[in-house]
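Take a look at the structure set out below.
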2 protein chains.
Amino acid sequence: MTFTAQLVNYVRDSRLADIPADVHHEAKRALVNIVGCALGGADHPAMDITIDALGPYAGPATSAVLGRRERFDPLLASLLNGISSHVHDYDDTMPRNYIHASSPVASALFAYASVNKVSGPDFLHAFILGFEIVARIGNATYPAHYDAGWHSTGSVGVFGAAAAVGRLLGLDAERMTYAIGLAATQAAGIREMFGSMGKSFHPGRSAQSGYMAALLAQKGFTTGRLPLEAPRGFAAVTAATYDLDKLVANLGQDFDLRVNTYKPFPCGIVIHPTIDACIQLHDRHGLVADQIEAVELRVAPLVKDLCDKKQITAGLEGKFSIYHAAAIGLGRGRGSLSEFTDAAVADPVLKRLRELTQAVGDGEVGEDNVVVSVRLKDGRTVGMKLEQSLGNLARPLSDAQLETKFRDQTTVVTPAQVDAAIAACWGVEELADVSTLIGHCVPAGQ
Amino acid sequence: MTFTAQLVNYVRDSRLADIPADVHHEAKRALVNIVGCALGGADHPAMDITIDALGPYAGPATSAVLGRRERFDPLLASLLNGISSHVHDYDDTMPRNYIHASSPVASALFAYASVNKVSGPDFLHAFILGFEIVARIGNATYPAHYDAGWHSTGSVGVFGAAAAVGRLLGLDAERMTYAIGLAATQAAGIREMFGSMGKSFHPGRSAQSGYMAALLAQKGFTTGRLPLEAPRGFAAVTAATYDLDKLVANLGQDFDLRVNTYKPFPCGIVIHPTIDACIQLHDRHGLVADQIEAVELRVAPLVKDLCDKKQITAGLEGKFSIYHAAAIGLGRGRGSLSEFTDAAVADPVLKRLRELTQAVGDGEVGEDNVVVSVRLKDGRTVGMKLEQSLGNLARPLSDAQLETKFRDQTTVVTPAQVDAAIAACWGVEELADVSTLIGHCVPAGQ
């Protein structure tokens, strides 16, 4: 049987009851995270621009968009869900291939479930399958695909959206093959977009293209039958080297949701250890900014190179400043979206802390570590060495921390809606209709 | 100035009056050809499937689709125009890079001009610019891009659609850069789709994605500023080797419309010489099928390998059968769409002619040549050697032959509409509003 056929049959024949309980739980953690990210990004300018540009061409307004009052057709809604949930670079990451898989998959599924009745178990199942398809195609083509310059969250994410929506549509094997084929032939997204809105466009467009692939396949739009493995298929065209066996090894037993990670802070991953350590020092010693006289950071040389920005004015710059990282951790004891706004960067308290911080590149310090030393005005010096950064596989965010992250970034719906949305994610398997969850994510007054 | 900036400035600043008259005429030839192809493919099953799948999600029905009664939003219309105009593999080809550039560019432009008033000169100008952008990006990345497995009609075509629509929208340099960026990050389409409907999806989706890129850019959706030439830009990501100088060499002076070609027959290019020669023999000797006792073809060995199919039942198979090529040329004196239907393949007259034909691979015969020998029942033998196949650069289709091709494939509108449409293409520079031309291409009774 071909590789494509094995994946197609798995997506078609999988039963939720056969997927281990820990994977169910990881999937719900991913949902809590991605819904929070979608709400957190829902009022980003990239969303307003997209709605302004494409809203006039949208179909019947049947689908909700997470975090927005407007309704659109579900294809445009899937694009918008993808942009919002990735635009703060705050969504999940698979350390094996650096793909943010939840955004393209969940973005399509929430749009689909907004216009079709989907039970909680079916939704959870489709999400797990879509995520796993992304993971496997990502693993099979990593690192050559990513190194070539593809932003695989887009170029691989599209397969997960197609498979997940295709599963809910009940596509037979032939049509699921076409859905995968139409995903393969829409696979796109290049890393030159990093640092622009174009990056968030990738999971959005892949959600929309994957959804569209499933719709076309359902009606019989034909494609080649070996879209992944043929000499002119996805792997060969987009990766100099690849390992197709990874597409199917232990299929149905290994699930990459188990090795998914969640960012605690909406910024470059390389400044996470500093924020993390500085928050710990803030909390442990009850620090207030006025007490602090000097800060020294010892970081990996790469981190110093990438994030050596002290004179900054834009929130976006703060996301890649090791000095701002120390300032928010020590001065505010937190690193949420509100610490990376233009206003936060202009905050004189944080500005003073940035200025009194020195950073030293040290070859003995790993990229996941930091050594922080803080000299206080009363003569004391406090400090610590961080060995593992919060959010990586060795120190995953707890369920409670994921909830806090959700709450911290959500302003577009009421606190009561936030509570209900979080509860609905954890209890998704009990939902008769996922529209209940979606309803909690739509601001009142539509 | 960067390569992208040079192209952006050219698209923004070009004046139609500065483009030589012969290029205007070649552009009109391309329009006659592509409109005919769109009408010829308008009732293909791929069109019905796409409308069935995506029509329910279409926006306000403001845009015509060439050759269809239904109206959709212009983004879906651009997808449909692209499918119809490429689905018979009958559109134009640039021999320098094998891209069928008119389909993605014109498909977006006709949708745009269906919902916005566009004068004939502005339409022609945008078409010339979009075509040239496709040609230059295609030339700069050929052959590595194509050899890697990209169907560059899709993956490069998207740039032309974005540039052409962006020109009509009057984008400034910054926003035109974003339009090119959003095209680059949607560039897609792999050759594994060849032989399926997926192939025609490519120019359609690239028309739609390019149109969408221009709309988003107009409203300020940002991208990287070096989408073509950056280390993680289009050229480096999708081509092992490339020559960026070809993007801008003699910009505004050289136009690849001058080296564009048009297929006389809707089938594999390698059986064109046989059809051509057999039609010539049919016409020259007044042949009728009953007279013919045996046929011998001497063809290039590659042609024999690719097209050695005598026992065929489907029209699609006829497109790659050297025997069917001889049969239609000698038996019918023509090779239009109606010679490649299932019915034509089942025609007992053509079946007998296929059976009495022998084909020999001959290393002395080039791929663009054929030697045909026909033995008649009266004892005579007639034959010829063809040196250049009709439709290549040495023997281009005449304007009159392009008109005949248009008429031969158009059944979805009336003969009076066909006459008016052809006249409007030749006279596009006199049109106050291109909707006049589009109106001639929409069947009555909508």
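The values are calculated or read from the model by the stated rules, or taken from the named source; none is laboratory data. Here the structure is a predicted model, which means the values were calculated and not measured. Neighbour counts run over all protein chains shown; Cβ positions are idealised from the backbone, glycine included. Calculation scope for accessible area: heavy atoms of the full protein, side chains included, ligands and nucleic acids excluded. Shrake-Rupley method; radii C 1.70, N 1.55, O 1.52, S 1.80 Å.
Using Cα-Cα distances under 8 Å and only pairs 6 or more residues apart, what relative contact order does chain B have, in percent? Answer for chain B is 20 percent. Highest average first, the peptides B:185-193, B:295-303, B:48-56 ordered by how many other beta carbon atoms sit within 10 Å of their residues are B:185-193, B:295-303, B:48-56. Legend: residues in the range B:141-177 shielded by at least 50 square angstrom of accessible surface upon adding the remaining protein chains to the isolated chain (1.4 Å probe, heavy atoms) are B:150. What are the chymotrypsin sites (Phe, Trp or Tyr not before Pro) within the range A:71-172 that DSSP puts in a loop, where the Cβ has at most 16 other Cβ atoms within 10 Å? Sites meeting the loop and neighbour criteria: A:98.
State the Cα centre-to-centre distance between the range A:185-201 and the range B:146-208 in whole Å. If we compute the Cα centre of each part, the gap is 14 Å.
For residue A:144, inter-copy separations between label points set 7 Å beyond Cα along the Cβ vector come to 1.5 nm, shortest first. Relative contact order, whole percent, for the range A:345-435 stands at 13, derived from Cα pairs under 8 Å and 6 or more residues apart. Expressed as a whole percent, the accessible area of the protein assembly as shown that falls on carbon and sulfur atoms is 52 (1.4 Å probe). Please say if the range B:1-62 is rounded, prolate or oblate, where rounded means a/c under 1.5 for a ≥ b ≥ c the square roots of the C-alpha gyration tensor eigenvalues, and otherwise the choice is prolate for a/b larger than b/c and oblate otherwise? Oblate, because a/c is 1.5 or more while a/b does not exceed b/c.
Taking a ≥ b ≥ c as the square roots of the eigenvalues of the alpha carbon gyration tensor, the range A:64-212 is oblate, as a/c is not under 1.5 and a/b does not beat b/c. In the full protein context, the range B:90-143 carries 19 Å² of accessible surface per residue, based on a 1.4 Å probe and ignoring ligands, DNA and RNA.
When each copy gets a label point 7 Å from Cα toward the beta-carbon at residue B:293, what are the spacings between them in nm, shortest first? Distances between equivalent label points, in nm: 11.5. Counting only other chain Cβ atoms within 10 Å of each residue's Cβ, the peptide A:221-228 averages 6.
Using R0 = 30 Å, the C-beta based FRET efficiency linking residue A:119 and residue A:259 works out to 0.60. Counting only DSSP beta bridges whose two residues both lie in the protein assembly as shown, roughly 75 percent are antiparallel. Our note on the geometry: Cα centres of the range B:129-143 and the range B:1-79, 17 Å apart.
Rounded to the nearest 100, the interface formed by chains B and A buries 4700 square angstrom of accessible surface, both chains summed, with a 1.4 Å probe. The lysines whose alpha-carbon is closer than 30 Å to the alpha-carbon of residue B:351, local same-chain residues fewer than 8 away aside, are B:199, B:263, B:304, B:309, B:310, B:319, B:377, B:385, B:405. Sorted from shortest to longest, the distances between the residue A:220 label points of this copy and the other copies are 4.8 nm, with each point 7 Å from Cα along the line through the beta carbon.
Taken as Cα centroids, the range B:264-324 and the range A:348-362 sit 78 Å apart, rounded to the nearest whole angstrom. On the basis of the beta-carbon distance and an R0 of 25 Å, residue A:284 and residue A:398 show a calculated FRET efficiency of 0.85.
Across the range B:269-386, the relative contact order, built from alpha-carbon pairs under 8 Å that are at least six residues apart, equals 40 percent. Solvent-accessible surface of protein heavy atoms, probed at 1.4 angstrom with all chains present, puts B:385, B:117, A:310 in the order B:117, B:385, A:310, largest first.
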